[in-house]
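The values are calculated or read from the model by the stated rules, or taken from the named source; none is laboratory data. Everything numeric here is computed off the predicted structure, so don't read it as measured data. Here the Cβ positions follow ideal geometry from the backbone for every residue, glycine too, while neighbour counts run over all protein chains shown.
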């Protein structure tokens, strides 16, 4: 995968040299380059912003440097060649999710445009959309200083889905959000710590019972913390044991014909 990140604070992305992302870059699994937007400015002050039309507080990022940056990183492509996908972190974007992370992990080339101040002149995104897919994306219902921290989050979520990045790819199948549920609690040695014991079932060696326990705990935890995720589950994905676990968690139990 190729990734280009454009920001006025390229130093912000030093963490992308660390941990598994750093190893993915060193191993050739991820071709990632960070660009300084001011490279595409030509005045003595390297200006990237100006006052908003219509008045109001704050500043807006000018279209000229962004337009030149995208021209350089995503020149027009032949009709049979897949264009890159532009990601723009913004509070007005679609909510980022594990499903979107999987979608982005399948893209051969991503470009991230890190806005600041009141955002990027809308004409930049409108023009880019005539040449490539554009996705405005939000981490949640809050506002940050700029798009950099959101890009770090998205890059972690996407990179770990690339083949060869994780040492054990099977861990992707059991983690939170992999199947519409939160992950069950996890434990390691010692078996007793400060009076708290590891659940006996996890030390039983009975893999069937362990799998059922993890499923039940996953359902209970999701019902308690994210009832919206339980409500979104397909009835066909629930069996009678699932319904019982949800009932014990105080979640409205689906009708009997919903459980297999």
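For the structure I just gave you, tell me whether residue 70 is touching a helix residue (DSSP H, G or I) at 6+ places or on another chain (Cβ under 8 Å), surrounded by 17 or more Cβ atoms within 10 Å (Cβ to Cβ), modelled with pLDDT of 95 or more and outside any loop (DSSP other than H, G, I, E, B). First the steps, then the outcome.
Values: touching a helix residue (DSSP H, G or I) at 6+ places or on another chain (Cβ under 8 Å): yes; surrounded by 17 or more Cβ atoms within 10 Å (Cβ to Cβ): yes; modelled with pLDDT of 95 or more: yes; outside any loop (DSSP other than H, G, I, E, B): yes.
Considered against the rule, which asks whether it is touching a helix residue (DSSP H, G or I) at 6+ places or on another chain (Cβ under 8 Å), surrounded by 17 or more Cβ atoms within 10 Å (Cβ to Cβ), modelled with pLDDT of 95 or more and outside any loop (DSSP other than H, G, I, E, B), residue 70 comes out as yes.
Scanning region 116-160 for residues that are surrounded by 14 or more Cβ atoms within 10 Å (Cβ to Cβ), within 21 Å of the chain's Cα centre (by Cα), at negative phi and in a loop (DSSP other than H, G, I, E, B) yields 132, 139, 144, 147, 160.
Just one of 219, 202 is in contact with a helix residue (DSSP H, G or I) (Cβ under 7 Å, 6 or more places away or on another chain), at pLDDT 95 or above, surrounded by 16 or more Cβ atoms within 10 Å (Cβ to Cβ) and not in a loop (DSSP other than H, G, I, E, B); which is it? Walk me through how you get there before you give the answer.
Values: 219 fails: at pLDDT 95 or above.
After applying the criteria, what remains is 202.
Inside region 8-19, can you point out the residues that are in a helix (DSSP H, G or I) and surrounded by fewer than 17 Cβ atoms within 10 Å (Cβ to Cβ)? Listed by number, the residues that qualify are 11, 14, 15, 17, 19. Filtering region 40-62 to residues that are surrounded by fewer than 17 Cβ atoms within 10 Å (Cβ to Cβ) and not in a loop (DSSP other than H, G, I, E, B) leaves only 50.
Screening 83, 65, 75, 91 for residues that are without any contact (Cβ under 8 Å) to a residue 60 or more places away in the chain and surrounded by fewer than 13 Cβ atoms within 10 Å (Cβ to Cβ) leaves exactly one candidate, 75.
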